[in-house]
Amino acid sequence: NRSISGVGFKPDFHWNKARNRNGGDGHYIYDALRGATKVLYSNANNAEATEANALQAFESDGFQMGSDGNSNSSSYNYVGWNWKANGVGASNTDGSINTTKTSAVPEAGFSISTYTGTGANATIGHGLSLAPQMVIVKRRNASEGWAIYHRSIASDAQTDFIELHTNAAVSDSNTRWNDTAPTTSVFTVDTDNQVNGDGDKMLAYCFH
């Protein structure tokens, strides 16, 4: 186990990957709202898992990494990307669904939110001061792919989505964003399990 320091702040979002290792090693994603050890994999549709020996803590100048071979093997090199939000955050009530927690830093254009899906079209408060240009959403409690809104993927981007875990082309579907672009206070989700499964635990990363 070791502390990786020199980040310059206490991260609220951490993403790491082995750089020189072939095979099945994935991209590991963590955030302060879900807590250290709670991991998602950007290259897979897996549900959230607990990795007790991978990222173990967010620290004041970096993070603590355990002995997990995919994240801290003595034989390989790794990269870690870190973002600052606003700690564990608090509920945002701007949308029709109140978030469980939203951690936002508007001046940097980044927020993290967790919420419970309803299975019906809804809006989610993102905590930023401008409309997000990218929204990444993942169902946490069951296997489901990552859905991404990005304003530059099409002239009518709100009708389209791409997936983080596949190399598929852009898809057109109103069941992700309800054909509605994000606003300065909320983003919109429709009925698909990727973004709003009834009773499902959801995660959203927003950027502008």
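Among the residues of the stretch 156-177, is any within 15 Å of ALA122 (Cα to Cα), of a type in the set (A, V, I, L, M) and open to solvent by less than 50 Å² (accessible area, probe 1.4 Å)? No: zero hits.
Scanning the stretch 29-40 turns up at least one residue that is among the aromatic types (Phe, Trp, Tyr), touching a residue at least 24 places away in the same chain (Cβ under 8 Å), crowded, with 18+ Cβ neighbours inside 10 Å and out of contact with any Lys or Arg (no Cβ under 6 Å at 6 or more places or on another chain).
Does VAL135 meet the test of being within 14 Å of GLY95 (Cα to Cα) and open to solvent by less than 50 Å² (accessible area, probe 1.4 Å)? Taking the combined requirement at face value, the residue does not satisfy it. Looking only at residues of the stretch 105-119 that are over 16 Å from MET134 (Cα atoms) and in a loop (DSSP other than H, G, I, E, B), we find that the one that is most open to solvent (accessible area, probe 1.4 Å) is THR118.
Just one of the listed residues (ALA49, ALA36, ALA32) is in contact with a Ser or Thr (Cβ under 7 Å, 6 or more places away or on another chain) and aliphatic (A, V, I, L, M), namely ALA32.
For the stretch 3-53, the set of residues classified as closer than 20 Å to SER74 by Cα, of a type in the set (Lys, Arg) and either modelled with pLDDT of 95 or more or in contact with an Asp or Glu (Cβ under 9 Å, 6 or more places away or on another chain) (or both) consists of LYS17 only.
The number of residues in the stretch 89-104 that are part of a strand (DSSP E or B) and either buried (at least 17 other Cβ atoms within 10 Å of the Cβ) or not aliphatic (A, V, I, L, M) (or both) comes to 5. Could you please find all residues in the stretch 138-155 being charged (D, E, K, R), open to solvent by 10 Å² or more (accessible area, probe 1.4 Å) and within 15 Å of the chain's Cα centre (by Cα)? Residues satisfying the conditions are ARG139, ARG140, GLU144.
Per the conditions (1) touching a strand residue (DSSP E or B) at 6+ places or on another chain (Cβ under 9 Å); (2) within 24 Å of ASP94 (Cα to Cα); (3) not charged (D, E, K, R), the sole criterion not satisfied by ASN174 is (1).
The values are calculated or read from the model by the stated rules, or taken from the named source; none is laboratory data. Worth saying up front: this structure is predicted, and the values here are computed from it rather than measured. Virtual Cβ from ideal backbone geometry, glycine too; neighbours counted across all protein chains shown. Note: areas computed on protein heavy atoms with side chains; ligands, DNA, RNA excluded. Shrake-Rupley method; radii C 1.70, N 1.55, O 1.52, S 1.80 Å.
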